[in-house]
1. Between residue 374 and residue 19, 0.36 nm times their residue separation minus their Cα-Cα distance comes to what?
2. For the stretch 438-528, rounded, prolate or oblate, judged on the Cα gyration tensor with a ≥ b ≥ c (square roots of eigenvalues), a/c < 1.5 rounded, else prolate if a/b > b/c?
3. Residue-wise, which Karplus ³J(HN,Hα) couplings in Hz belong to the stretch 89-97, taking 6.51 cos²θ - 1.76 cosθ + 1.60, θ = phi - 60°, and x for glycine or proline?
4. Just the Cα atoms of the stretch 450-493, one point each, no solvent: what log10 I(q)/I(0) does Debye give at q = 0.16, 0.17, 0.23 Å⁻¹?
5. Please compute the modelled spin-label separation between residue 214 and residue 128, points set 7 Å along Cα→Cβ, answer in nm with one decimal.
6. Compute, for the stretch 434-527, the length of the dipole vector about the Cα centre, with Cβ point charges of +1 (Lys, Arg) and -1 (Asp, Glu) only. Units Debye, rounded to 20.
7. Step through the residues of the stretch 311-321 one at a time and calculate ³J(HN,Hα) from phi using the Karplus curve (6.51 cos²θ - 1.76 cosθ + 1.60, θ = phi - 60°), rounding each to whole Hz and writing x for Gly and Pro.
8. Using θ = phi - 60° and the Karplus curve 6.51 cos²θ - 1.76 cosθ + 1.60, what whole-Hz ³J(HN,Hα) does each residue of the stretch 503-515 get, with Gly and Pro shown as x?
Amino acid sequence: MEPLARTALHARFLRGLEKSPHGVAVRVGKETVDYTTAHRLALAWAGALLAAPGGPPKAVGIVAGRSVTSYVAVLASLYAGLPAVPLLAGFPAGKIASMLAAAEVSALIVDEEGAALLGAASGRLPAELAGLAGLPVLAPHPDPARAEALAALGLRPVATGPDTVLAAPRSAAPQDVAYVLFTSGSTGRPKGVRLTHGNMAHYFALMDDWYDFTAADVFSQAANLNWDSAVSDLWCAWAAGAPLVSVSPHAYRDLPGFVAEHGITVWFSAPSVISLSRRTGRLVPDSMPSLRWTFFGGEALQFQDTDAWQKAAPHSAVVNVYGPTEMTITTHRHRWDPEESTRLGVNGVVPLGTLHDGHAELLLDEHGRPAAEEGELWLSGPQLSAGYLDPEDGLGKYLQRDGARWYRTGDRVRRLAGGELVYLGRTDSQVQVQGYRVELAEVEHALRAGTPVTGAVVVGVPVANSTELVTFYLGEERSPQEFHRDLAGLLPAQLIPRHYHRLSEFPLNTNKKTDRLELTARAAALHGEPVPVG
């Protein structure tokens, strides 16, 4: 067996294993697994997958909830030299079936939630998953009845044994796919993105250079394994030999208490977590003194939220990171500074920051011409993914220009004098209202700055051959007349929303990001033509 290349993503786990052989690799609730045990399990599961009926699979689907099994399954997939395809067992069965088919998954690893989804408890394979019949399934569980139940469903249980344990992890070439991650669908139908070992090697080399993570750190895992930020947490922690602590949904009732209980030193999540924590009243100054590094990404990071988090974590650097999944986790970063960040930011949003080393960026105007200061952001470089599973999804997104391959982000940005970028909004979030081009982020900023709301999301819905703006907000109940009065001095009359709906909280998708598709669908149902979600 060829030696494991340093550029193989799973070589990072071996680094952590050497540093902390008996240290905790993952903690999920009260369940833990140490580095040595995770390594041995991954070798056993990897060998079993390669010896599965029908021969080595093309890709491994990990259908699971939050469990130690799901983390070891990712490691086992890579140890076997196979792409890992993590999917949430809580997804609808039909959605999982389509994702598995798109990724050409030919073997599964499931935990208890995944086995239940397949019908191990009910004794019936859901109709939407009928196409999985005959698929090899590894369901690590001490109860032999679990395998019998899966076999009764027409699946092919994969058993581990001493004869199939790998002697060492398989290597991987830079062009080999490490992960298939499905986008959240926040701007449309979820698409499977192929991220290679080479993409990951460049990203994590930068992380290693920039940050001083050690085995003494404790990393949070706020995102589910199907989101790219979870990939960053996981492999930064494992390379350092540090523990990774899964953040349960109940933790957000008292997030500072959770951070203190586990001694979290490195946090990474979507910014929506901040407002969620602020509403509990627990996010107060000096409430999270153990934090050293905080990373927020996935959606616009607001000044007021960042300030509240920084005061709660006075010893932590707070870093806004930006990057689409298609560019492997992040491509830009900006470290929060109360004076400088607010001076540079636009619409109350923290700057995206400067571009990662080794990459290139283009700003193009609405006519596709290069723009010096403002336009749609295109990105290129070693973190550019291998593309979508379905080439049709990449039409108009992965493009050739000036002899290079680029990804068209759909984000409108402005380049500042120092080279940093600031976020202006999505190109698809601009709407026309009575002939005026409206940037929804600008209206949301006016609501946050000029009214007493604690949060605002504005969407556009088609009504009678025009567009009307609908606001969903958090805070005290207010009348449309009060909103109009407060906004009249901040926005042109055509940009002031007509409709307002108070919510106790914004809906979040599985990645803890504000679910704008859901809010758009609600607005359309209330005021316009229904808009399908997904």
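1. 123.2 nm
2. It comes out oblate by the Cα gyration axes.
3. 5, x, 5, x, 4, x, 5, 5, 4
4. Computed log10 I(q)/I(0) values: -0.49, -0.55, -0.92.
5. 4.8 nm
6. 120 debye
7. Rounded to whole hertz, the list is 5, 6, 10, x, 9, 9, 6, 10, 10, 8, 10.
8. Once rounded to whole Hz, the list reads 10, 6, 7, 7, x, 10, 7, 5, 9, 6, 9, 4, 8.
Bear in mind these aren't lab numbers, they're just calculated from the coordinates by the rules spelled out. Being a predicted model, the structure only gives us computed values, none of them experimental. All Cβ positions, glycine included, derive from the backbone under ideal geometry; neighbour counts span all protein chains shown.
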